[in-house]
């Protein structure tokens, strides 16, 4: 049974003159990593907001269709209840720091305080989470003193600790350097290894290819492709996406007639080694 | 870089419950405004605020911040009120057409020292209270959780905003903006600083609100706390006494306003 179900979802923000989402239907299986890709303005963040219940509880507008989280209709379920089922992490790590806590440990515990979790349980979960996200060595530092990558891992930890089975990650590496990106992506792999259902919006397609088992493509609010990452990403150009360096190299080789034309392009280093070896 | 006003020192004052510290600050603030004696501010600062600051091991920071904030205000008060206080007649210094008058200087002194006391009392609380403890204490005292959060984050984010302002200032200077020199130059530099600062802050509001909701901020259930607040019967009694004292001071002050010759009012 799917953990997230979207049925014919359309949404138009107040004062917008077109739909941000148009009749999107899809399902997400428990324990999977699904990437959502698309050009700017394609509706990726809007779909994330709908999956996390921020639409309609935070953003107002014209909504049609349904979103179900673990069988619960997001329109009928209070946001404070939904956050224990679906956690969401945003682009800017700085904005996700509560501002009310002095140390990383306290910051991680903030969500648990709001949920009324007993202190003993909180201590156990905080210690475990800091360890898991490799933040234990900065536990007593100010959240503001961390690097961008560390702050984003802190944001992930702060949601993870509330134990939602689903985590929505809206471009979590958008504002990070390559080192920070690598740190966060490793953390996402850890989340997936812990059985969380991950929905990841990401522009860096190489990471998408490495992490996701499935890719959805949004274009002007509509779901235009849904499938296995390599097959989808091989057509990245069709939706205005920036291909991975391996796909570009393969395409260049094909265009120069060095290699016979193939539909499936390599998206990761491993695939590239394989692809060039076989064809070359 | 320290991102908070809180100064973590081992002291008896730090160990007090935040509401006790707030009650002390309230009593000081009420007294300084209600007692009609020109030197009450100086007395409170020297005999109450400074000893507490020394006890809390934060006297350097309290003095530095208080005077950094108050000095420019005091200078402008002396100039404006000293020369232009309405109805003043007792001239003590004449410079061309302008005359410095005793009544104006007195008013400036009282106002500046009152502000000094208010700042000092506030700093005693802010510098010696962990923000999370302050928020929890405010909620315990009946303040809405969101209000306590706003107060605490406003205090917490000030240093962060200062750091951002410095960054913007550096960026503007790198592009040739003149930020030092005459008052006119400084005022002209203020707009390119404040506009990106305010715009940036507003731009972040939505994502901040979403991030809070994602962490069950609006959950309608009893909250717990990572930190434990310590309280005692003695402190509870002290708080009640301080509040009674503050109310009495206000009442006596009101009585004095109604009956000008009340013997209870210091002059």
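The values are calculated or read from the model by the stated rules, or taken from the named source; none is laboratory data. This one's a predicted model, so the numbers in the text were calculated from it and none came from an experiment. Cβ sites come from the backbone with ideal geometry, for glycine too, and all protein chains shown count toward neighbours.
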Out of B:256, B:211, B:238, report the one residue that is modelled with pLDDT under 85, in a helix (DSSP H, G or I) and surrounded by 15 or more Cβ atoms within 10 Å (Cβ to Cβ).
B:256
So, in the stretch A:264-280, exactly how many residues are modelled with pLDDT under 85 and either touching a strand residue (DSSP E or B) at 6+ places or on another chain (Cβ under 9 Å) or surrounded by fewer than 13 Cβ atoms within 10 Å (Cβ to Cβ) (or both)?
3
Residues that are closer than 23 Å to residue B:149 by Cβ, surrounded by fewer than 20 Cβ atoms within 10 Å (Cβ to Cβ), at the interface with chain B (Cβ under 10 Å from one of its Cβ atoms) and touching a helix residue (DSSP H, G or I) at 6+ places or on another chain (Cβ under 7 Å): does the stretch A:138-156 have at least one?
yes
Residue B:229 outside any helix (DSSP H, G or I), in contact (Cβ under 8 Å) with a residue 12 or more places away in the chain and farther than 30 Å from residue A:53 by Cβ
yes
Members of the stretch A:186-214 that are outside any helix (DSSP H, G or I) and more than 11 Å from the chain's Cα centre (by Cα)
A:194, A:195, A:196, A:204, A:213, A:214
Filter result (within 24 Å of residue A:16 (Cβ to Cβ), within 13 Å of chain B (Cβ to nearest Cβ) and in contact (Cβ under 8 Å) with a residue 60 or more places away in the chain) within the stretch A:42-85
A:45, A:46, A:48, A:51, A:52
Between a first residue in the stretch B:33-48 that is in the same structural domain as residue B:249 (by TED's automatic domain parsing) and a second residue that is part of a loop (DSSP other than H, G, I, E, B), which pairs have beta carbons less than 7 Å apart while being 6 or more apart in sequence or on different chains?
B:35/B:266; B:36/B:265; B:36/B:266; B:36/B:267; B:37/B:266; B:37/B:267
Test residue B:221 against the criterion of being within 30 Å of residue B:142 (Cβ to Cβ), in contact with a strand residue (DSSP E or B) (Cβ under 9 Å, 6 or more places away or on another chain) and not in a helix (DSSP H, G or I), and give yes or no.
no
